[in-house]
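Here's the structure, in structure tokens; my notes come after.
The values are calculated or read from the model by the stated rules, or taken from the named source; none is laboratory data. Remember, predicted model here, so these are calculated numbers, not experimental data. As a convention, Cβ positions derive from the backbone with ideal geometry for all residues, glycine included, and neighbour counts pool all protein chains shown. Please note that ligands, DNA and RNA were not included when accessible areas were found on the heavy atoms of the full protein model with its side chains. Shrake-Rupley method; radii C 1.70, N 1.55, O 1.52, S 1.80 Å.
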Amino acid sequence: MAEAIAALQEEALKALARAQDLNQLQLWHQVYLGKKGALKKISRRLRNLDPEQRREQGIKLNNLKQKLEQAYEKKEAELKKREKRRASGEWFDLTAPGYWPRQGHLHPLTQMRQYAEDIFLRMGFEIHEAREVDDDFHNFGALNIPPQHPARDLWDTFWTEQGLVLVTHTSSMQHRLLKQAQPPLRAVIVGRCFRHEATDARHEHTLYQMEGLYLDKKVTLTDLIGTFKTFLQEFFQRPVQLKIQPSYFPFVEPGIEFLVDCAICGQKDKSCRTCGGKGWIELAGAGLIHPQVLTQAGVDREKYQGFAWGFGLDRLVMMKYGIEDIRHFHRGDLAFLHQF
Ligand code: FA5
């Protein structure tokens, strides 16, 4: 009996310490001090003891009852005080479990831009920031696209009232870097570009490009393809199919395009909105730098050759994560953004 009384005391006091509010406290009272509570149950066992023992254990039980009632009152006063403070807004509970409100994070395009930059840095490229507004010469003229040249129609352009251009591509930085280049030059230029065109699942009016610019002796198309492939392998960390086909850009010769297999439909859906049912997504234009572009920038075209590419970062990220519509990036939809 003595052991049972000691065990009950320990258990009851521990349970009391766990009570967090007045409701829990009332429940505790019922369980231990109530009419059908633990203390009452144990008292019934007194009947079976001889008189001497009954007296002894009865005193112990009485002491325990007093102890628990005192502890209960103390706890009740404490909890009432706590609830009063909580109601008056002064509440600050140092013992409450930690609450860490959901934090913001970098936009998926920024995360992936940094990820891609890291890869290029490891490959020996330096990183440059592109301008967002530039002049006609840098966006077109220096790239072998003089005024009135029909190739200007390749880029639906926003002009400012002062005749400046919201850059249509990061190639607008090529001339500046080539002019200062002390070959070998290995540069990647990152920036936002703007196109006055209708949007759809893979076209936005505002997009990010990453331009690769390489200048050295004896540079060939193989160097371009090998470098680009190495980057893609590192970026995707899974096998991707790469298609290379001829293309036209006035500032490269020859000109090519890089396409990857559509990660959305797996090249199986003729009605896929992302790839237009073609099974391939165009990632980049590229080629060997046109000798005229080199000459304009003061580079000895007999001695040096170079390659350049310009890929759309948005499309690259779409293919990495299986994002089916480019317009998700700028919608500001938290359900989308919180996934990254
Ligand atoms: C160009 O912008 C050239 N400056 C690329 C280049 C650089 C060629 C260096 C040769 C040498 P293009 O307009 O095709 O090319 O765009 C390149 C890539 O940007 C596209 O393959 C695509 O990935 C992305 N892109 C272009 N327009 C859009 C758009 N409206 N929305 C999203 N991504 C786009």
(message) Criterion first (within 13 Å of the ligand (Cβ to nearest atom), under 22 Å from residue 141 (Cα atoms), open to solvent by 60 Å² or more (accessible area, probe 1.4 Å) and not in a helix (DSSP H, G or I)) does residue 192 satisfy it?
(response) yes
(message) Against the condition among the charged types (D, E, K, R), under 20 Å from residue 210 (Cα atoms) and within 14 Å of the ligand (Cβ to nearest atom), how does residue 134 come out, does it pass?
(response) yes
(request) Output the number of residues of the range 316-339 satisfying the condition of being among the acidic types (Asp, Glu), open to solvent by 50 Å² or more (accessible area, probe 1.4 Å) and closer than 19 Å to residue 265 by Cβ. (result) 1
(message) If I ask for residues that are among the small types (Gly, Ala, Ser) and surrounded by fewer than 16 Cβ atoms within 10 Å (Cβ to Cβ), which ones from the range 105-157 would you list?
(response) 124, 141, 151
(message) For the structure I just gave you, tell me whether residue 219 is under 22 Å from residue 302 (Cβ atoms), among the aliphatic types (A, V, I, L, M), away from the ligand (no atom under 12 Å from the Cβ) and out of contact with any Ser or Thr (no Cβ under 9 Å at 6 or more places or on another chain).
(response) yes
(request) Return the pairs, sorted by first residue and then second, in which the second residue is surrounded by 18 or more Cβ atoms within 10 Å (Cβ to Cβ) and among the acidic types (Asp, Glu), the first residue lies in the range 268-291 and is under 30 Å from residue 218 (Cα atoms), the beta carbons are less than 8 Å apart, and the residues are 6+ apart or on different chains. (result) 282/257; 284/257; 285/257; 286/257
(request) Kindly indicate whether residue 201 is surrounded by 17 or more Cβ atoms within 10 Å (Cβ to Cβ), within 13 Å of the ligand (Cβ to nearest atom) and either touching a residue at least 60 places away in the same chain (Cβ under 8 Å) or among the small types (Gly, Ala, Ser) (or both). (result) yes
(message) For the range 162-185, give me each residue that is open to solvent by 10 Å² or more (accessible area, probe 1.4 Å), assigned to a loop (DSSP other than H, G, I, E, B) and touching a Leu at 6+ places or on another chain (Cβ under 9 Å).
(response) 181, 183, 184
(message) With the requirement that a residue be part of a loop (DSSP other than H, G, I, E, B) and open to solvent by less than 60 Å² (accessible area, probe 1.4 Å), what does the range 204-219 give you?
(response) 204, 219
